[in-house]
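Engineer: Can you read through this structure? Questions will come right after.
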Amino acid sequence: MPFQYLQISRILSDRDYSNDKNEDIYVTLHKRETHIEVHGHSINFLTKIEKSEPKKLRIHIVFHSHVDPGWLNTFEEYYNVSVHNILTSTIYALEKYPRLRFIWSEISFLERFWQDATAEEKKKFLELVKSERLEICGGAWVMTDEATPLFYAAIENMIEGHQFVHKEIGIRPKSSWSVDPFGHGYMLPHLLPYTGVESMVIGRFHDHVKQRLREAQKLRWIWQPPYYEMETNGPIVNSLPYFVYTTQHACPDTKLCGCYHIGPSSRAQCIGGTSMKNMNKTNADKITEAFVNQMKQVQKVYGTDDILVAIGDDFFFANRTDFDEMYHGFAMMADNLKERYFDQIEMDFTTISEFFNRIKNQSLATLVGDFFPYTANKDENHPWWTGYYAHRPYYKTLERRLQASFKNGLRSLDILRVAIKSNESFSELQQAKRDFSLFQHHDGITGTSRPHVMADYERRMNDAMALSMRVFAAMTADIMKLEAPPQLVNKIVN
């Protein structure tokens, strides 16, 4: 059977929500033994909180680079200046250091790289994925915003990314990495299980809620969407412990953790410690111990032996020396720990799926609710991050019009494909659908990008609208030539 993620939209479109009642939802939740309810900035623990004392410390280092397909620069500007170099450097580093692991989530940039990559680069990339040292996470075209897109747009975003990954890379992602949207909602934990994704790493939500979860040692949970009862549980979620996904924010002391983010592309400052760049046999114990002390504090907010530590930054690892220096530093610390602590404290490089496989037998709380609205300040001295819900309405309106065009046209096109057994029109629309999906990025549809970047999104959507109208017009002309039953023609044309 061919790999078809269109089943996602069919499953959802067949669902009738009109008869859903609140009591039905709560009965379902009760059956799932709900432990935590979250509603934006409020959180309730429905069962007694029992903290645990870990016996060991296992530090799972995850190297990543956060690459926005449009923010301060346009998609193409970022690709030409940074992203192409990041991907070639990744291949170089993973080949050079067999112990190293890396994750990648933005499929839009991967597809752009695939256009330029040599046959040898593609071969090496595929070998690294096959060996599970390079993990493709999420599989969506972009790391979508979770507040403003509609379900249709989120599904299209998944379809475009997953179909490329399946066709060119030959895999089906198991884990999701969504660490920068401004809050998190029900949409992804509801949709991702349909794509085969079983686990998620998320990052940004109300600091008051995150603080309560830290205090309760509940930064991992099973996230159950309330729409209707599924045959299986929702995805397992691991929240990053602090503000964002950078190396500095992997620790409670962000200034000290700046000492462990080194390389030519680093923008971190080392304050209060010794830079890992200057580590040698003489000071290795001291530098390693300072990092471990930070990780012990992180472990306290999880209450488990295993902790995931995100190591990276925006457009980091664009220089091969970034990989060289970061790898040697963390590898030296890992070896130092093994020599001094044997198996009581361990550290090594990992992927998201490897980490979740390690913790799969842990007993986890069940959480229901969403993390909107979002604010980054627990004292609430800063405004809520809700302006992007309606900010730059022209672009949001253009996106909705393009979405309506796709929904109406593709419904007719699906009928035409059955009638004439052709996928030609679908192929013509692929670039239009990809540009539509690109705008779902958390700095696109939110309107949080620079003006010239928003103008680039606008150009792409206008081109997509024009292309889709041409395709649908040609399609209608073809339909009129068909020797088809009149009711079929009327259904399409009208």
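The values are calculated or read from the model by the stated rules, or taken from the named source; none is laboratory data. None of the values given here were measured: they were computed from a predicted structure. Note that we place each Cβ from the backbone using ideal geometry, even for glycine, and neighbour counts take in every protein chain shown.
Engineer: So, in the range 144-155, how many residues would count as being part of a helix (DSSP H, G or I) and more than 15 Å from the chain's Cα centre (by Cα)?
Structural biologist: Going through the range 144-155, the residues part of a helix (DSSP H, G or I) turn out to be 151-155.
Among the residues that remain, those that are also more than 15 Å from the chain's Cα centre (by Cα) are: 151-153.
Going through the range 144-155 one residue at a time, the tally reaches 3.
Engineer: What number goes with the only condition from (1) in contact with an Asp or Glu (Cβ under 7 Å, 6 or more places away or on another chain); (2) surrounded by 19 or more Cβ atoms within 10 Å (Cβ to Cβ) that residue 306 does not pass?
Structural biologist: Exception for residue 306: condition (1).
Engineer: Another question, if that's okay. If you take the residues in the range 345-362 that are among the β-branched types (Val, Ile, Thr) and outside any loop (DSSP other than H, G, I, E, B), which one is modelled with the lowest pLDDT? Give the steps one after another, and end with the answer.
Structural biologist: Step one: of the range 345-362, the residues among the β-branched types (Val, Ile, Thr) are 345, 350-352, 359.
The next check asks that each one be outside any loop (DSSP other than H, G, I, E, B); those that pass are 345, 352, 359.
Working: 345: 97, 352: 98, 359: 94.
Looking at residues that are among the β-branched types (Val, Ile, Thr) and outside any loop (DSSP other than H, G, I, E, B), I get 359.
Engineer: Return the pair list, or none, for Cβ contacts closer than 6 Å from residues in the range 363-376 that are assigned to a loop (DSSP other than H, G, I, E, B) to residues that are surrounded by fewer than 19 Cβ atoms within 10 Å (Cβ to Cβ) and of a type in the set (Phe, Trp, Tyr), at least 6 apart or on different chains.
Structural biologist: Cβ pairs passing all conditions: 373/384; 375/384.
Engineer: Sort out which residues of the range 350-379 are surrounded by fewer than 21 Cβ atoms within 10 Å (Cβ to Cβ) and either closer than 12 Å to residue 61 by Cα or among the polar types (S, T, N, Q) (or both), and write them in order of number.
Structural biologist: Once the filter is applied, which keeps residues that are surrounded by fewer than 21 Cβ atoms within 10 Å (Cβ to Cβ) and either closer than 12 Å to residue 61 by Cα or among the polar types (S, T, N, Q) (or both), the range 350-379 yields 353, 354, 357, 361, 362, 363, 366, 377.
Engineer: Right, another one. Going through the range 147-175 one residue at a time, which ones are touching a residue at least 60 places away in the same chain (Cβ under 8 Å) and within 18 Å of residue 66 (Cβ to Cβ)?
Structural biologist: Matches in the range 147-175: 157, 161, 175.
Engineer: Of all the helices (runs of 4 or more DSSP H) wholly in the range 57-143, which have at least 1 residues that are farther than 23 Å from residue 457 by Cα and of a type in the set (A, V, I, L, M)?
Structural biologist: 84-96, 119-130
Engineer: Is one or more of the residues making up the range 254-263 in contact (Cβ under 8 Å) with a residue 40 or more places away in the chain, among the hydrophobic types (A, V, I, L, M, F, W, C) and part of a loop (DSSP other than H, G, I, E, B)?
Structural biologist: yes
Engineer: For residue 313, state whether it is in contact with a Lys or Arg (Cβ under 9 Å, 6 or more places away or on another chain), assigned to a strand (DSSP E or B), within 30 Å of residue 72 (Cβ to Cβ) and at pLDDT 95 or above.
Structural biologist: Values: in contact with a Lys or Arg (Cβ under 9 Å, 6 or more places away or on another chain): yes; assigned to a strand (DSSP E or B): yes; within 30 Å of residue 72 (Cβ to Cβ): yes; at pLDDT 95 or above: yes.
Yes, satisfied.
Engineer: What tally of residues in the range 265-280 results from selecting those that are free of Cβ contacts under 8 Å to residues at least 12 places away in the same chain and either within 17 Å of residue 251 (Cα to Cα) or touching a Phe, Trp or Tyr at 6+ places or on another chain (Cβ under 7 Å) (or both)?
Structural biologist: Counting residues in the range 265-280 that are free of Cβ contacts under 8 Å to residues at least 12 places away in the same chain and either within 17 Å of residue 251 (Cα to Cα) or touching a Phe, Trp or Tyr at 6+ places or on another chain (Cβ under 7 Å) (or both) gives 0.
Engineer: So the check is Cβ under 7 Å with 6+ separation or different chains; which pairs have a first residue in the range 384-401 that's closer than 12 Å to residue 439 by Cα and a second one that's in a helix (DSSP H, G or I)?
Structural biologist: Close Cβ pairs (under 7 Å, with a partner that is in a helix (DSSP H, G or I)) amount to 395/454; 395/457; 395/458; 398/458; 398/461; 399/461.
Engineer: Within 30 Å of residue 213 (Cβ to Cβ) and more than 24 Å from the chain's Cα centre (by Cα): which single residue out of 303, 263 fits that description? Explain how you work it out, then say what you get.
Structural biologist: Values: 263 fails: within 30 Å of residue 213 (Cβ to Cβ).
On inspection, the qualifying residue turns out to be 303.
Engineer: When only residues in the range 95-119 that are within 22 Å of residue 199 (Cβ to Cβ) and of a type outside the set (Ser, Thr, Tyr) count, which is farthest from the chain's Cα centre (by Cα)?
Structural biologist: Applying the filter and picking the extreme gives 100.
Engineer: While we're here: Going by the structure shown, is residue 303 within 27 Å of residue 98 (Cβ to Cβ), assigned by TED's automatic domain parsing to the domain that holds residue 340 and either among the charged types (D, E, K, R) or in contact (Cβ under 8 Å) with a residue 40 or more places away in the chain (or both)?
Structural biologist: Working: within 27 Å of residue 98 (Cβ to Cβ): no; assigned by TED's automatic domain parsing to the domain that holds residue 340: yes; either among the charged types (D, E, K, R) or in contact (Cβ under 8 Å) with a residue 40 or more places away in the chain (or both): yes.
Answer is no for this residue.
Engineer: Suppose we keep only residues that are touching a Leu at 6+ places or on another chain (Cβ under 7 Å) and of a type outside the set (Asp, Glu) within the range 140-154. Which one would you say is nearest to residue 442 (Cα to Cα)?
Structural biologist: The extreme case among them is 142.
Engineer: A follow-up question, please. Given the criteria in a helix (DSSP H, G or I) and over 23 Å from the mean Cα position of the chain (by Cα), does residue 321 qualify?
Structural biologist: Yes.
Engineer: Test residue 142 against the stated conditions and say whether it is in contact with a Lys or Arg (Cβ under 8 Å, 6 or more places away or on another chain), touching a residue at least 24 places away in the same chain (Cβ under 8 Å) and either surrounded by 22 or more Cβ atoms within 10 Å (Cβ to Cβ) or within 29 Å of residue 117 (Cβ to Cβ) (or both).
Structural biologist: no
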